[in-house]
1. Taking 7 Å along the Cα-to-C-beta vector as the label spot, tell me the residue A:137-residue B:52 distance in nanometres, rounded to one decimal.
2. Between residue A:50 and residue A:17, what length in nm is gained on full extension when 0.36 nm per residue of separation is reduced by their alpha carbon distance?
3. Averaged across orientations, what area in nm² does the convex hull of the alpha carbons in the stretch A:193-281 project?
4. What does the convex hull of the Cα atoms come to per residue for the stretch A:38-151, in Å³?
5. Checking understanding here: applying a Kyte-Doolittle mean of at least 0.0 and a length along the axis of at least 24 Å (C-alpha), which whole DSSP H helices in chain B pass?
6. Name the residue, out of A:32, A:194, A:96, whose mean-square fluctuation peaks in a Gaussian network model built on chain A with Cα pairs under 10 Å.
7. Can you list residues from other chains, or at least 5 along the same chain, whose modelled amide H is less than 5 Å from the amide H of residue A:96?
8. Pull up the DSSP beta bridges for chain A and report the antiparallel fraction as a percent, rounded to 5.
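What follows is calculated from the coordinates using simple rules that are stated; it is not laboratory data. Small disclaimer: the values here were computed from a predicted structure and weren't measured. Counting neighbours? That spans all protein chains shown, and the Cβs are built from the backbone with ideal geometry, glycine included.
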Amino acid sequence: MLGGAVVLWLLVNGAFYYLSRVRTGEFDQRYARHILIGGGIVLPVVVLTALLVWGLSILPDPRRPGDGLVVRVTGEQWWWRVEYWPEGADAPVLTANEIRLPVGQRTEIHLTSDKVIHSFWIPALGGKMDMFPGRETMISLLPEKSGTYRGQCAEFCGASHAWMAFAAVVMEPADFDRWLASEAADAVPPSTDAAARGERLFRSEGCGACHAVRGTENIGQVGPDLTHVGSRQTLGAGRLKVTIDDLSTWISHTDVLKPEVKMPTYDLELDQLSDLAAYLEGLK
Amino acid sequence: MTEEHQPRRDEDQKEFAEEQASLFKITLAPLIWAAHFAACYGLVAVTCAKGWDIDAVRFGLLVASGAALCGIGWVGLTAWRQWNVAQTGDFVNRGGRAEDRHHFLGHAAFLLSIISLIGVVFVSLPLVLIGGCQ
């Protein structure tokens, strides 16, 4: 596509240069007519027809049925609730703010929204699809190369719309299956003293009223599921990295990092913040 | 002065009356294109939204596309005959005479029928290439 655009650009500008600088003066009418009809009518019609035929041939792809896996994504303000439904599953694997897809397989992404209209878009993998409250839309994606791509909400959805992003990780099918199995498992218990203190703080500060950490008494559903937050590539839906520093910054500055976000800012001591961050970072 | 211009106005009116058919012909091909466009987009959208039989609608629209192409082809042919380029080899309608204007209207109608023909082909391509409501 880029190659074609470059050729056309060179052709048009080359013709302009040739006719305005190299071959100046009056033209033979017949010659001029050939240039006008050939370059102005025949060539654009042929190129546009070829592009249209090619475009129409791939147009139905995002509506094709998938190969089995269904990922259900709900747009929230301003994050993504994600459920994985492998073929034949009775219950989903719950996670948030990250989409993982097996390479070479067509995955159906079922989309809906909580309160306002959002739009699901991974530019590297396909077009955008709107997400409506009370309705389900579908786009199926067939990633051809493994890697990490950026996804972004593409419909203005409130103050922090620009901060509603996610990482789309395309993996080899075997790696994907391993990842999904570990994602389905309960959270690992804290492995260090700091993390253990952080876990107690998580409970005492009431974080579990909004966030779920499966395998613990924290079962809140208002905010993102944090069972494996430490294994994600981003924090706060693409806002920060999942490091102890960034986790501390996030907890103590939510309103600055994401205006109008529901999560309150926590005014904790520095060592408390780092304990809490250590616990969350350890939730691999 | 008024007396001098009187016959001129009569001539203009006479010429306009004669060229009414040509003026109508200029709009005919784009009108067929517009009607075909509206029919295709409207019918397919409603059919897919309501869950009607898309195959029947598709067949009907393909027939309509054929009819539209024939109609535009006919307009183009008569316009080509009206434009006397084949006889004179002159692509430019220079003069200000009624005859030149008559040829020019044929010229314009011919070019408009070409672009309308391309438009109808482009709008019809999804009917050929995309079978259903995917």
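1. It works out to 2.5 nm between the two label points.
2. On the way: separation 33, 0.36 × 33 = 11.88 nm, distance 2.70 nm.
Between residue A:50 and residue A:17, full extension yields 9.2 nm more.
3. On the way: hull surface 20.7 nm².
Dividing the Cα hull surface by four gives the mean projection, 5.2 nm².
4. On the way: hull volume 15.8 nm³, N = 114.
That works out to 138 Å³ per residue.
5. On the way: long enough: B:2-50 (67 Å, -0.25); B:54-82 (41 Å, 1.03); B:98-129 (46 Å, 1.40).
Flagged H segments are B:54-82, B:98-129.
6. A:32
7. Under 5 Å from the amide H of residue A:96 lie the amide H atoms of A:82, each far enough along the sequence or on another chain.
8. 70
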